[in-house]
Amino acid sequence: MRRALAVCIALAAATAAWAQERGAALFEQHCAVCHQQKGEGIPGFAPRLAGTLAERAKTENGRSYLAQLVVSGMMGPIVSGGEKFNDAMPPFASLADEDIAAVVGHVLTTLNQVPAENTITAQDVAAARKRALPPNEVRRLREQ
Ligand code: HEC
């Protein structure tokens with residue numbers, strides 16, 4: 001029994017470590033071109049992701065916004081850190097649910113110091129996929 005528990009714990013830790021590494025690699029591959037390596041963003045084009053998202057991660061609405069945003073993309077004017085942005089975030093629906101959860105997990109834990117248990121799950125991503133919102137409506141989720 002105890003041994004099974006130890007194996008379970010080791011597996012869970014390995015899975016978490018795997019997701020973290022995978023998230024960092026996916027971020028570099030798909031997101032850093034616009035949001036930059038450390039999530040610092042590009043003024044006037046792509047908002048900063050480092051240190052700007054912890055509040056959103058605290059609520060159910062905030063987390064479903066983040067899942068929806070990566071699945072569906074986003075379009076239209078937003079204000080982030082007092083700066084206006086009005087460009088398009090491309091959709092990443094072609095990535096697997098686990099990959100989207102891992103890349104958002106990287107953004108939240110590494111770039112925003114959110115505890116791992118408060119990031120989004122593959123189930124959140126699957127729900128976002130079902131909702132299939134157009135990019136300009138994703139922006140409305142952000143306002144909520
Ligand atoms: C082609 C450039 C580009 C790429 C690639 C890109 N983004 Fe974005 N992202 C944007 C833009 C532009 C916005 C703002 C959209 C707007 O103004 O409505 C944005 C917005 C965001 C936001 C919302 C921030 C907030 O304050 O609400 C998050 C989170 C985000 N992107 C994460 C990601 C992740 C994760 C990836 C990789 C899977 C990614 N982005 C890839 C351009 C990009």
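Values quoted throughout were computed directly from the atomic coordinates according to the rules given, and no laboratory measurement underlies them. The shown structure was predicted, so the numbers you read here are calculated from the model rather than taken from an experiment. With ideal geometry, Cβ positions are generated from the backbone for all residues, glycine too; neighbour counts draw on all protein chains shown.
Pairs of Cα atoms under 8 Å, at least six residues apart: use those to get the relative contact order of the chain, whole percent. The partial results should precede the final answer.
Working: 206 pairs, mean separation 40.0, N = 144.
Relative contact order of the chain: 28 percent.
Which of these, 57, 101, 16, has the largest mean-square fluctuation under a Gaussian network model of the chain (Cα springs below 10 Å)?
Maximum among the listed residues: 16.
Quick one: among 125, 103, 33, which has the greatest mean-square fluctuation in a GNM of the chain with alpha-carbon springs under 10 angstrom?
33
If amide H atoms are built 1.01 Å from N in the plane of the peptide, which residues on other chains or at least 5 residues away come under 5 Å of the amide H of residue 114?
When sequence neighbours closer than 5 places are left aside, the close amide H contacts are 109.
What list of ³J(HN,Hα) values in whole Hz, one per residue of the range 5-11 in order, does the Karplus curve 6.51 cos²θ - 1.76 cosθ + 1.60 (θ = phi - 60°) give from phi, with Gly and Pro shown as x?
5, 4, 5, 4, 5, 4, 5
Output wanted: per-residue J couplings in Hz (rounded whole) for the range 102-116, from phi through Karplus 6.51 cos²θ - 1.76 cosθ + 1.60, θ = phi - 60°, x for Gly and Pro.
In residue order, the calculated couplings are 5, 6, 5, x, 4, 4, 6, 6, 7, 9, 10, 6, 7, x, 3 Hz.
Can you compute the helix-only [θ] at 222 nm over the chain? Use -39500 (n - 2.57) per DSSP H run of at least 4 residues, normalise by all residues, nearest 500 deg cm²/dmol.
Helix contribution divided over all residues of the chain: -18500 deg cm²/dmol.
Remind me, what semi-axes does the range 97-138 give for its equivalent ellipsoid, largest first in whole Å, using sqrt of 5 times each Cα gyration tensor eigenvalue? Spell out each step's value before the answer.
Values: eigenvalues 87, 28, 12 Å².
Here the semi-axes work out to 21, 12, 8 Å.
With labels modelled as points extended 7 Å from the Cα through the Cβ direction, what inter-label distance (nm, one decimal) is found for residue 117 paired with residue 60?
So the label points at residue 117 and residue 60 sit 1.8 nm apart.
Sort 120, 42 so the one with the fewest other Cβ atoms within 10 Å of its own Cβ comes first.
By the 10 Å Cβ count, ascending, the order reads 42, 120.
Can you run the Rg to Rh ratio on the range 1-99? Use alpha carbon positions and the Kirkwood inverse-distance Rh.
Using Cα coordinates only, the ratio equals 1.08.
Using amide H atoms built 1.01 Å from N in the peptide plane, name the residues 5+ places from residue 92, or on other chains, whose amide H lies under 5 Å from its own.
Sorted by chain and number, the residues that satisfy this are 71, 72, 73.
Among 87, 99, rank each residue by its count of other Cβ atoms within 10 Å, from fewest to most, as a rough exposure measure. Please report the intermediate quantities before stating the final value.
Values: 87 15, 99 20.
So the residues, fewest neighbours to most, are 87, 99.
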